[in-house]
Amino acid sequence: TPTSPLSPTPLPCILNILQANSWAYFCGMDHLLHRFGLLSPLLALSFGAQAQYTTPNTGQSYDLSELVSLSGGVFTTTSDTSYLQNADFTLAETDTLLITEDATWALAATASIDIEGTFITDPSDRLYITSAITGQPHQGMRFEDSSSVYLQRTSILEGGGIKCLTEDMVLSHST
C-alpha cells in the first residue's frame, strides 16, 4: 500500500478518514470525534454561536435602530417599529440608550438587558419590552448601581423581572 509523503500512514487509511470525517479531519478535530463521537463538533459549534453585545463605553447616545447596525446581529428589525434582541445586551457605563419612538422591543428567551449607563425611554404613546415568543419569558433587566434610568410610558412584559441596584430610577406611566 502506498504511503503519504507527510505521514507513514498508508494512503487508503487517510482516504477513508477523509471520506468519513472530512470536516473534522481538516479542522483538526478527528481526535475529538474518536473520543466523544459526533457530539464534539456540535458542542464546538454551539459555543461559537454564543453572542452578546456591549456598547463601546465612549459616551455616545444610541437608539434601537443604531443598535441594529452596530451589534453584529444581536439586534435585528422585524418591522419599522419592532426590534428583536437575540442575545445578551449591556449598555456600558458612559453610554446612553434613548428610545423616543413607539416601538416593540422583543427579547429571545435566553436574552437579558444589563444597564450600566443611562437608559431613557420617552415614546409618544408606548414602548413595549416583551418576550419574542409568548410563554417563553426573557431573562429580564438589570439596572446596575452606576446606571441612571428614566422610563416613561414603558411596559415591560413576560420577562424575568427587573433587578434594580441604582437609586437613580424614575418610572412614569409605566407597567
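Here is a list of conditions, (1) modelled with pLDDT under 95; (2) surrounded by fewer than 12 Cβ atoms within 10 Å (Cβ to Cβ); (3) in a helix (DSSP H, G or I), and Pro41 meets all of them except one; can you say which number that is?
Answer for Pro41: the failing condition is (2).
For the subset of the range 63-85 comprising residues that are at pLDDT 95 or above and among the acidic types (Asp, Glu), which member is nearest to Ile129 (Cα to Cα)?
Checked the range 63-85; the qualifying residue nearest to Ile129 (Cα to Cα) is Asp63.
Need the failing condition index for Tyr128 against (1) part of a loop (DSSP other than H, G, I, E, B); (2) open to solvent by 60 Å² or more (accessible area, probe 1.4 Å); (3) out of contact with any His (no Cβ under 9 Å at 6 or more places or on another chain), just the number.
All conditions are met except number (1).
Quick check on the range 143-154. Is at least one of its residues closer than 18 Å to Ser174 by Cβ, in a strand (DSSP E or B) and among the aliphatic types (A, V, I, L, M)?
Taking every residue of the range 143-154 in turn, at least one turns out to be closer than 18 Å to Ser174 by Cβ, in a strand (DSSP E or B) and among the aliphatic types (A, V, I, L, M).
Return a yes/no flag: does the range 86-97 have any residue that is open to solvent by 40 Å² or more (accessible area, probe 1.4 Å), at pLDDT 95 or above, assigned to a strand (DSSP E or B) and under 19 Å from Ser172 (Cα atoms).
No - not one qualifying residue is present in the range 86-97.
Anything in the range 99-125 that is assigned to a loop (DSSP other than H, G, I, E, B) and either within 15 Å of Gly160 (Cβ to Cβ) or open to solvent by less than 30 Å² (accessible area, probe 1.4 Å) (or both)? List them, or say none.
Passing the criteria: Ala108, Ala109, Thr110, Ala111, Ser112, Gly117, Pro123.
Tally up the residues in the range 48-85 that are under 23 Å from Ser146 (Cα atoms), assigned to a strand (DSSP E or B) and among the small types (Gly, Ala, Ser), please.
Qualifying residue count, the range 48-85: 1.
Ile133 versus (1) open to solvent by 70 Å² or more (accessible area, probe 1.4 Å); (2) aliphatic (A, V, I, L, M); (3) under 21 Å from Gly59 (Cβ atoms): which is the lone unmet condition?
(3)
The values are calculated or read from the model by the stated rules, or taken from the named source; none is laboratory data. What you see is a predicted model, and the numbers here were worked out from it, not measured in a lab. Backbone-built Cβ (ideal geometry, glycine too); neighbour counts: all protein chains shown. Accessible surface is based on the protein model in full, side chains and every heavy atom, while ligands, DNA and RNA are left aside. Shrake-Rupley method; radii C 1.70, N 1.55, O 1.52, S 1.80 Å.
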